[in-house]
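Chemist: Structure provided below as structure tokens; questions to follow.
Each reported figure results from applying straightforward, stated rules to the coordinates on display, with no laboratory input. Values in this document were obtained by computation on a predicted structure and should not be read as measured data. When we count neighbours, we look across all protein chains shown, and the Cβ atoms used for this are built from the backbone with ideal geometry, even at glycine.
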Protein chains: 4
Amino acid sequence: MHNPDFTLSAGPTFASARTLAALGSPIMYHYDPAFLATFHRLEGKVKQILRTNGDVILMQGEAVLGLEAAARSLARPGMGVLNLVSGVFGKGMGYWLRSTGANVHEIEVAYNDAVDPGVVAGYLDTHSEIELVAVVHCETPSGTLNDVARIGPIAREHGCLTLVDCVASVGGTPFEADAWHLDVCVLGPQKCLAGPAGMSLVSVSERAWAAIDDNPQAPRSSYLSMLDYREQWLRCGKFPFTPSVSDVFGVEAACDQLLEEGLDASIKRHEQAARVCRTGVVAMGLQLWTCREEIASPTVTAIALPAGLTDVEVRTHARERYGVMLSGSQGAGDLIRIGHMGPSTRSLYPIVGLLAVGRTCADLGVPVQIGAGIEAAMDALASNQPVAT
Amino acid sequence: MHNPDFTLSAGPTFASARTLAALGSPIMYHYDPAFLATFHRLEGKVKQILRTNGDVILMQGEAVLGLEAAARSLARPGMGVLNLVSGVFGKGMGYWLRSTGANVHEIEVAYNDAVDPGVVAGYLDTHSEIELVAVVHCETPSGTLNDVARIGPIAREHGCLTLVDCVASVGGTPFEADAWHLDVCVLGPQKCLAGPAGMSLVSVSERAWAAIDDNPQAPRSSYLSMLDYREQWLRCGKFPFTPSVSDVFGVEAACDQLLEEGLDASIKRHEQAARVCRTGVVAMGLQLWTCREEIASPTVTAIALPAGLTDVEVRTHARERYGVMLSGSQGAGDLIRIGHMGPSTRSLYPIVGLLAVGRTCADLGVPVQIGAGIEAAMDALASNQPVAT
Amino acid sequence: MHNPDFTLSAGPTFASARTLAALGSPIMYHYDPAFLATFHRLEGKVKQILRTNGDVILMQGEAVLGLEAAARSLARPGMGVLNLVSGVFGKGMGYWLRSTGANVHEIEVAYNDAVDPGVVAGYLDTHSEIELVAVVHCETPSGTLNDVARIGPIAREHGCLTLVDCVASVGGTPFEADAWHLDVCVLGPQKCLAGPAGMSLVSVSERAWAAIDDNPQAPRSSYLSMLDYREQWLRCGKFPFTPSVSDVFGVEAACDQLLEEGLDASIKRHEQAARVCRTGVVAMGLQLWTCREEIASPTVTAIALPAGLTDVEVRTHARERYGVMLSGSQGAGDLIRIGHMGPSTRSLYPIVGLLAVGRTCADLGVPVQIGAGIEAAMDALASNQPVAT
Amino acid sequence: MHNPDFTLSAGPTFASARTLAALGSPIMYHYDPAFLATFHRLEGKVKQILRTNGDVILMQGEAVLGLEAAARSLARPGMGVLNLVSGVFGKGMGYWLRSTGANVHEIEVAYNDAVDPGVVAGYLDTHSEIELVAVVHCETPSGTLNDVARIGPIAREHGCLTLVDCVASVGGTPFEADAWHLDVCVLGPQKCLAGPAGMSLVSVSERAWAAIDDNPQAPRSSYLSMLDYREQWLRCGKFPFTPSVSDVFGVEAACDQLLEEGLDASIKRHEQAARVCRTGVVAMGLQLWTCREEIASPTVTAIALPAGLTDVEVRTHARERYGVMLSGSQGAGDLIRIGHMGPSTRSLYPIVGLLAVGRTCADLGVPVQIGAGIEAAMDALASNQPVAT
């Protein structure tokens, strides 16, 4: 089995050589002073990326760890919680919230749509018992964005805390933890940062800490415990468990590259790649999955599966014949996805994705206009503002 | 802050160039067929290393994740559990077990001693309500071994399941999951395998799965859930959460090197390194921490702190002046530790540890016989059977 | 300056992750037994790749070193030498040959053509004073192949030695040092092997050694000396100069990958990539540089520059706007080149080259049919026999 | 064959992880603008390290290439040349010089001694026909230094050019190309810079260029040609041959680390390591090779072989039994060598060398006082000014 020639998935995405070198740099003891210095630097860099002055905790597990930890730390029996559901991850958040005994309300929309902030405001106006709003910024499996920039302030105005899954949005679309009044934010390094998947990067506001402190059921003495982390590491300099030294090196390198480029430049890069890709999809005669383009995330393009094809067929053929690894739907619907995350946003990578999708569809019997699609996408690319090369 | 010249800690220990190259190899999508093949291969290799034909699950978090998951999965309210405590990790296991509502009995010994298997047998003879025995094979913080080869069969004879923390023993001392009737075993890759710290490698017997299935409180829909892992991955080929691709590559490389060398050769290598180191410690006029050498783990040498010194002083001085990173006690007692794990067992590494410890003590005012210690340790090294170089 | 996104040059080409890891593996002393073992293994692998049972010498410098060393070692004052010139490297070989005082005859053709073996035979029939025939297999700067499979036997029949520049052909098109009676062959690792540029891999037949021995002017006590190399290394195990340990590791990894895939598979891979690329070039409305396609090397596609464009313009624009690094002509004519060497032959890489060339031409005012070109190239790719993925 | 645990050779020495990562970074086309920028940066860094404002040329081959190129470029038939011989490399320089037809005078001393600058001055006073003085700064095979700081000005006062082999001195002992009036200086990256062996870093003064221009026999159209390099690269931006991209990346990383640390700090580090090592050698009862310690190079310690032992025996045993790779004499005499170059100067590495040498001697029947030697060396190490850790 040859390695893929092109990884255009929706995360883990492929990483830069610099990030890979950092991942492969010598492992050292976690209390080595050089490692401790690295760890502290990384905390500061994550704060810059999430745009927060609050605490940041670096949990040692894929972003799902941070999301579950946040849900179980914030929600408590009987608490009124509003969970916004526009996709698979929003749905999953509901399970965790309910398992704490919280009283979970949900606003759910189709998985090719986004939650209307106005509806959230209206719901909170009439449900003063709500104390916490949970929202997924980018629903990666379906490629949509919820408008957290508006939902955050609405929640704050109604006195609610917010729990935000920004795993696959930060770095690819604007995100402001403090300015948008977001209390707990969970970022995954394997998406737009193009780092390894092994960490959860979590910001916590003072208000969030107060709520977690007051929650007798918040995990304690547990791998899921944010309180242990604060108590032992933030306050006493003892790790609650051994951090994965290699992951920390890799994530720092990924953050460095993002900060050196600048968040604004990175966001623009993601937006341009998405535009190029979507122009090509439409011109090729395929359909975008999202009900309207304004809610499509710049970080991933979901394409509606042509009738008669399965996502497994498409992905297997694209990988076997064209060496391109695409993402499936993870249960969000009949779609396949081309990721635009980190380096896969650069130059011709979106076109490579189009070539693989288009020719695969053709090979599998679906008429597509590959030439027209590529022409249109190349036009879009040529009209981009120059990327920093 | 310059990187350490020598990492002689008790884990994470330093890794081979081959393992580092694997950690830094290209990140791919976790459903890429090349990654899936790797993941399945790794499961097989971990089975070989743990010597089991049972299931192996590869959880995405440091070994503490696997230990907590195992404790919470196996223990249930009211269950009789015998927890053996001879150090910090045994003590910690008790907290998790009790938090499930289990009825936890403990046999506790001093942290420079090991639990007598005969005492375990006697206790089980008189406490038929015990259904689970939890034991730490190598208590890394204090450098001791419990005799799991005997405790496992005793537990089985009494109809008990076993939960074994073999995080820091496997690869450095004999270990046989199936032959010793061990039901859940948790291994950490950052110790004798000299891999990254980001994974828990867990074996589960059929008997253990049956007990977990019957435990209504076993974690479900959680990062801590072994049941999710079985249901989704082992049975359906869906990952319950994204594995850290880099860690998987790194751990496979570490396993490959261990299996190519052979477990027996690796164990001998660890035993010889420990003997060299301890010969030097004694000849230098310092004292071993363990109450008797038979229970000292081949994977780490704990040295009693000379009167008047703190472990922070010793470790800071050794690192600053001699570039050597040693381990402290993690609360197990007044000791410092030289790790013998993976490559740090090879050739002159134990001597480097002795030089750093000895000269640091001398610099801090403790009279030690460095020359005599090194001579004796070199004699021991010279009398070793040749290591494969 | 961002690194290139795609390196589709005619060498150095981009390398696999495995080759890069080998290049970055720990440097050791050149008389370390582990390095000596590597060096000897590499000699054997190069023999397999060149298909020779003769000697192989691994000179420490880019392939030009080996070519010059071979020319100065074989040619002597007054010797009759036939130099075949169909491009820049053939031309350059003439300078070295003449500087030795040899009596150099040349058959020269246009740089978009190849030398006719029949003409060579005819020339040798009528010039019995010729003792050495020098020929370039792949003229990389212009993308053409000379028919060394026929020229070698013709030379041998006429009692001539052969000096073959196979720097950029081996691995991408059939090559047989012994079967074709080739006496000195010089291969560069940075082409179809996709390794580092720092070595010359040279085969030497017994007949060639005899001629060099008899040449009083053959370099001795020199970095250019093949005789030193034989005397000191092949016969006495002393390196005439320190080999670059890193390069040796990198080249061995490159050879391993080629041998594991198999030479025949690798050649097919190069041929298919070239066919895909050329189909696209023509369908796009651009012109191939070579006067006829049979003589085009599978390892590089030379495209005639559209009127009004310079190669610097095209390459600069493609690199700046599309992140693709192409090769220029190195003085061979008005052309630009897309390399198909090593990994750049795989899957969609030739298409990426077409996209960059096509859109760059369009951006610079040349009408090209990008869509039609890509459609045709994708058709060709889809009809390929599956590559091993 | 396991890789060495410790490489304490006199070059190639082991490299830092950062240098290795650079060596393993993606290969790109040599005319890629990112590579061109790197190449130009490296020229500037080499100037800083050699302390020159003159030209620097980066030849693609081990330092012997640069040395031979310099000798053949500067010396011409009938030219009066004074070659200073205090070891193997000085001797070898004589062969190259004589092969040009120059009239070579030599001042030769025993290979455990250095050339007296006063003798050089006296010789030049009485031999006004001398136009060029060739001198080796550090004779690596025997571990001695010639006083180039004095010889350079003496040569200039007498109107002579200088050709300096500073391959193994720069970075480990003071060196000033311009201040000392040195015309052509050849540095190897695999010594105190701890980089790869594949390049020659050569400085050339205007006076040297003038002499080379005037030399009708200076290599032209050759891999050995400095004139080609100036003509094509320095003046026209065309590489005379493809540079090894990987080596350039590796050497730049090595230079960066040296410049970031500072030349003075690096020199002090080498001097301290040598002092520690030599203290131990003597205290162990072995003998230093050099006739007096003032002329011993800080970059390598040569130890006289005890009677009855061969260097092959010692090195083989040390490598097989203790995993330590030492250097032999390369024909300079009955000695073995411990290198102090780059990272092998740090912290306990010199002690590791002493352990391997001492115990090997003991194992082979030579009485040595290992304990006393290590005690003394550790005392010396403890009295060092702190190295930057």
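Chemist: May I ask what percent, to the nearest 5, of DSSP beta bridges between residues of the protein assembly as shown are antiparallel? Can you show the working numbers first?
Modeler: Working: 76 of 160 bridges.
The answer is about 50 percent antiparallel.
Chemist: Another question, if that's okay. Would you kindly work out, in nm and rounded to one decimal, the distances from the label point of residue A:307 to those of the same position in each other copy, ordered shortest first, with label points 7 Å along Cα-to-Cβ?
Modeler: Residue A:307 label point versus its equivalents elsewhere: 5.1, 9.1, 10.1 nm.
Chemist: Per residue, how big is the convex hull of the range C:67-213 when only Cα atoms are used? Give it in Å³. Spell out each step's value before the answer.
Modeler: On the way: hull volume 14.0 nm³, N = 147.
Residue-normalised Cα hull volume stands at 95 Å³.
Chemist: Assuming R0 = 56 Å, can you tell me the calculated FRET efficiency for the pair residue A:150 and residue C:150, based on Cβ-Cβ distance, to the nearest 0.05? Mind showing how you got there, number by number?
Modeler: Details: r = 75 Å, r/R0 = 1.33.
Efficiency computed from Cβ-Cβ geometry: 0.15.
Chemist: A further question follows. Considering only the other residues whose Cβ falls under 11 Å of the Cβ of residue B:100, what net charge follows from Lys and Arg at +1 and Asp and Glu at -1? Walk me through the intermediate numbers first.
Modeler: Working: positive: B:72, B:76, B:98; negative: B:68.
Cβ neighbours under 11 Å give a net charge of +2.
Chemist: Name the residues of the range B:353-380 whose amide N is less than 14 Å from a point 7 angstrom out from the Cα of residue B:293 along the C-beta direction?
Modeler: B:376-380
Chemist: I'd like the antiparallel share, as a percent to the nearest 5, of DSSP beta bridges with both residues in the range D:17-260. Walk me through the numbers before you get to the answer.
Modeler: Numbers: 11 of 30 bridges.
Antiparallel bridges make up about 35 percent of those DSSP assigns within the range D:17-260.
Chemist: Can you give the mean number of other chain Cβ atoms that lie within 10 Å of the Cβ atoms in peptide A:365-376?
Modeler: Values: counts 0, 0, 0, 0, 2, 5, 10, 2, 3, 11, 10, 1.
For this peptide, the per-residue mean of nearby foreign Cβ atoms is 4.
Chemist: Okay, next question. Which of these, C:327, C:205, C:25, has the largest mean-square fluctuation under a Gaussian network model of chain C (Cα springs below 10 Å)?
Modeler: C:25
Chemist: Sticking with this structure for a sec: Near residue C:47, within a Cβ-to-Cβ distance under 10 Å, what is the net charge of the other residues, with Lys and Arg +1 and Asp and Glu -1?
Modeler: Working: positive: C:45, C:51; negative: C:43, C:55, C:178.
That sum, taken over residues with Cβ under 10 Å, equals -1.
Chemist: Would you tell me which residue of chain D has the beta carbon closest to the rotation axis bringing chain D onto chain C, and how many whole Å away it is?
Modeler: D:24, 1
Chemist: Would you mind counting up the charge near residue B:364? Only other residues with Cβ under 14 Å from its Cβ, with Lys and Arg at +1 and Asp and Glu at -1. Show your work: numbers first, answer last.
Modeler: On the way: positive: B:315, B:319, B:321, B:359; negative: B:311, B:313, B:320, B:363.
Combined, the nearby Lys, Arg, Asp and Glu give 0.
Chemist: Return the average number of partner chain Cβ atoms within 10 angstrom of each residue Cβ along peptide D:192-200. Mind showing how you got there, number by number?
Modeler: Numbers: counts 0, 0, 1, 2, 8, 12, 14, 3, 2.
Per-residue shielding by partner chains comes out at 5.
Chemist: Further, regarding this structure: To one decimal in nm, how far is residue D:77 from the same spot in the other copies, if labels go 7 Å from Cα toward Cβ? Please give the shortest first.
Modeler: 1.0, 10.5, 10.5
Chemist: Another question about this same structure. Over the range A:64-188, what is the relative contact order in whole percent, taking alpha-carbon pairs under 8 Å and six or more residues apart? Could the numbers behind the result be given before it?
Modeler: Details: 246 pairs, mean separation 29.2, N = 125.
Rounded, it is 23 percent for the range A:64-188.
Chemist: Let me ask another. For a quick check, take a GNM of chain A with Cα springs below 10 Å and name the residue from A:194, A:69, A:210 with the largest mean-square fluctuation.
Modeler: Looking only at A:194, A:69, A:210, the biggest GNM fluctuation is shown by A:210.
Chemist: Would you mind listing the distances between the residue C:291 label point and the same position in each other copy? Use 7 Å along Cα-to-C-beta, nm, one decimal, shortest first.
Modeler: Nearest to farthest, the other copies are at 6.7, 7.1, 9.5 nm.
Chemist: Using only the Cα atoms of chain B, what are the Rg and Dmax in Å?
Modeler: Rg, Dmax (Cα atoms, Å): 20.8, 63.
Chemist: Under the definition of Cα pairs under 8 Å and six or more residues apart, what whole-number percent is the relative contact order of the range D:171-286? Mind showing how you got there, number by number?
Modeler: On the way: 94 pairs, mean separation 33.4, N = 116.
Rounded, it is 29 percent for the range D:171-286.
Chemist: With r as the distance between the Cβ atoms of residue C:214 and residue C:157 and R0 = 22 Å, compute the FRET efficiency 1/(1 + (r/R0)^6) and round to 0.05.
Modeler: 0.50
Chemist: Give me the angle, in degrees from 0 to 90, between the Cα long axis of helix D:370-382 and the longest principal axis of the Cα atoms of chain D, rounded to the nearest 10.
Modeler: On a 0 to 90 degree scale, this one is about 60.
Chemist: Quick one: if the Förster radius is 41 Å, what FRET efficiency do residue B:206 and residue B:316 give, using the C-beta to C-beta distance and rounding to 0.05?
Modeler: Computed FRET efficiency for residue B:206 and residue B:316: 0.25.
Chemist: Can you compute the label reach from residue D:119? Point 7 Å from Cα along the Cβ direction, backbone N cut-off under 19 Å, restricted to the range D:287-327.
Modeler: Zone members listed by number: D:289-297.
Chemist: How do B:258, B:309 line up, fewest other C-beta atoms within 10 Å first? Show your work: numbers first, answer last.
Modeler: Details: B:258 22, B:309 17.
Fewest-to-most Cβ neighbours within 10 Å comes out as B:309, B:258.
Chemist: Sticking with this structure for a sec: Cross-chain or 8 or more residues apart, Cα under 24 Å: how many lysine pairs in chain C fit that? Count them up, please. Write down the numbers at each step before the final one.
Modeler: Numbers: C:45/C:191; C:45/C:238; C:45/C:268; C:47/C:191; C:47/C:238; C:47/C:268; C:91/C:191; C:191/C:268.
Going through chain C pair by pair, I get 8.
Chemist: How high is the relative contact order of chain C, in percent, with contacts defined as C-alpha pairs under 8 Å that are six or more residues apart?
Modeler: Numbers: 838 pairs, mean separation 88.4, N = 389.
Relative contact order here is 23 percent.
Chemist: So, one more: To the nearest 500 deg cm²/dmol, what mean residue ellipticity at 222 nm is calculated for the protein assembly as shown from DSSP H runs of n ≥ 4 alone, each contributing -39,500 (n - 2.57), summed and divided by the residues?
Modeler: Details: 48 runs with 620 residues, N = 1556.
That calculation yields -12500 deg cm²/dmol at 222 nm.
Chemist: Would you please give the residues with an amide H less than 5 Å from that of residue B:170, counting only those at least 5 places away or on a separate chain, with H modeled from the backbone geometry?
Modeler: Placed amide hydrogens put nothing under 5 Å from residue B:170.
Chemist: By how many degrees, 0 to 90 and rounded to 10, does the Cα axis of helix B:263-283 deviate from the longest principal axis of chain B?
Modeler: Between helix and principal axis, roughly 40 degrees.
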